[in-house]
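Notes follow the structure.
The values are calculated or read from the model by the stated rules, or taken from the named source; none is laboratory data. In this text the structure is predicted, and so the values were computed from the model without any measurement. Note: ideal-geometry Cβ built from the backbone for every residue, glycine included; neighbour counts use all protein chains shown. With ligands, DNA and RNA removed, areas are computed over all heavy atoms of the protein, side chains included. Shrake-Rupley method; radii C 1.70, N 1.55, O 1.52, S 1.80 Å.
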Amino acid sequence: MAKSSTFTCTACGAVHSRWSGRCDGCGEWNSIVEEAPLTTGPKSKSLGAKRGTPIPLSDLATDEAPPPRTCSTITELDRVLGGGLVPASAILVGGDPGIGKSTLLLQAAARFAKSGLKTIYVSGEEATAQVRMRAQRLGLADAPVKLAAATSLRDILTTLEAEAPGLVIIDSIQTIWSDTVESAPGSVSQVRAAAHELTSFAKRKDVSVILVGHVTKEGQIAGPRVVEHMVDTVLYFEGERGHQFRILRAVKNRFGPADEIGVFEMTGAGLAEVANPSALFLSTRGTPSPGSVVFSGIEGTRPVLVELQALVAPTPHSQPRRAVVGWDGSRLAMILAVLESRCGIPFAGLDVYLNVAGGLKISEPAADLAVAAALLSAREDTVLPADTVVFGEISLSGALRPVGQTENRLKEARKLGFTSAIAPAGGKSTGDSGMELSLMSDLTSFVGDKFGAG
């Protein structure tokens, strides 16, 4: 008797017996797709001589040393990976089309190959001649990298078994298809099967595998979310097309800190790493104007200074606009509500626009006070001092909460020439920071001290 098809949600991986417009597990609309059954059952594969044998944890400390990392000499990439490439690891890299994923990975493949790591670049979207043309444009024509153009998972695994490389780059996972799955390439079943086989191969042969994944219009990696759980590291390559900056962000890393970022600049010769992103993000700031505030943030383990820009203007519409670029729109609504409820500063009848300069996306709550300062500066048409940085978290009661790594934030600001900072009171002692500090306990005192209202 033939097996019936199943229906899987691409957002959460929940399995349904029939199709429906909305997933019962996560609530997403139009995320359920049909999966054809496997023609043959999955074959069991040996995991080694000790398969099924429990090993004491104490024995691992003496018998097996930590695997050595391989550095690419691209400092920003090594930082995001946690210090280099770990053997037998699977890495998933996602990003918008044309953002520079293939360019970055081709440059990384050339660096890894020159450092002595046998590297194979498998392209399912381009011919080998097209990849070679891109390598010539980037000045990498003499790199000892082997190229392959294939989409059959069986052919790729057979080739890798024979070549025994140290690093394999698959561009992209959505183009790989397995002959044991009756569905089109790019479907949920195909992506999951290909990712599983390649990840198993990486663990079994001590080979590092980097998978390139397409993203949806919401910015998430296309395919089932279970793929992100299979791999060891998930990286997102972000950036606005109108800016030359590109951000490589780690959202999952089993071998290093998550939320670490690497900053690159798109040039005619490829992607160039940026050693001091704070100076680059502030290089085009110019003369400070109302609504301009410098925020001292932390991305992973790195302090980053970035300019926040706000514009508050009367609205001609009955419903005021709230537009945000680079920050969470719901958090902006919360800050506006706290300013109106706790400080008596209304924004009704006013359009509010907020922008993070340079194309960086900020997610940490420490930007709350800087956003409030930018909004008040724009609303009151008041310019904050150009040598001041602002950071702090705002609670719904209007109190200011201390944030972590205050010393690193102040140290980075001082290095770039800032002399004063506005921060929450109650944090760790920062008396030796060498900067003039304005410590605020709540939002009302901040508004009264800096803007004369509240």
| task | Check the straight Cα-Cα distances from Lys114 and name the aspartates and glutamates below 17 Å, setting aside those fewer than 8 residues away within the same chain. | result | Asp78, Asp142
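Trypsin sites (Lys or Arg not before Pro), restricted to the range 368-441: which are DSSP loop and have at most 16 other Cβ atoms within 10 Å?
Loop-located and lightly packed - Lys428.
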| query | In nm², what is the average projected area of the convex hull enclosing the Cα atoms of the chain? | reply | 27.2
| query | Considering only protein heavy atoms, what per residue accessible area in square angstrom results for the chain with a 1.4 angstrom probe? | reply | 47
| query | Can you give the charge dipole size of the range 368-454 about its Cα centre, rounded to the nearest 20 debye, using +1 on the beta carbon of Lys and Arg and -1 on the beta carbon of Asp and Glu? | reply | 200
| Residue (of Thr267, Thr315, Thr8) at the positive-pole extreme of the chain, dipole from beta-carbon charges | Thr8
| request: Please name which of Ala366, Gly82, Val231 has its Cα lying farthest along the dipole of the chain towards the positive end, using unit charges on Cβ (Lys, Arg +1; Asp, Glu -1) and the Cα centre as origin. | output: Val231
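What does the charge dipole of the chain about its Cα centre add up to, to the nearest 20 debye, if the Cβ of each Lys and Arg holds +1 and the Cβ of each Asp and Glu holds -1?
Numbers: 44 positive and 47 negative charges, 156 e Å.
For the chain, the charge dipole is close to 760 debye.
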| Taking Rh as the Kirkwood radius computed over C-alpha pairs, what is the Stokes-Einstein D of the range 75-275 at 4 °C in a medium of viscosity 1.567 mPa s, expressed in µm² per second? | 77
| request: Divide by every residue of the chain the summed helix terms, -39500 (n - 2.57) for each DSSP H run of at least 4, and state the resulting mean residue ellipticity at 222 nm, rounded to the nearest 500 deg cm²/dmol. | output: -8000 deg cm²/dmol
| query | Once the dipole of the range 289-380 is set up with Lys and Arg at +1 and Asp and Glu at -1 on Cβ about the Cα centre, which of Val306, Ser289, Gly326 lies farthest towards its positive end? | reply | Gly326
| query | Amide H to amide H, which residues 5 or more places from Gly95 or on other chains are under 5 Å from it, using H placed in the peptide plane? | reply | Gly213, Val215, Phe237
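Based on Cβ point charges of +1 for Lys and Arg and -1 for Asp and Glu, what charge dipole magnitude is obtained for the range 75-275 about its Cα centre, in debye rounded to the nearest 20?
Around 220 debye, computed over the range 75-275.
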| If you take the alpha carbon radius of gyration of the range 280-451 and divide it by 2.2 N^0.38 Å, what ratio comes out, to two decimals? | 0.97
| note | Residue span Glu265 to Gln130: 0.36 nm per residue of separation minus Cα-Cα distance leaves a gain in nm of 46.3 nm
| query | Can you pull the percent of the range 75-275's accessible area that's carbon plus sulfur, 1.4 Å probe, other chains left in place? | reply | 52
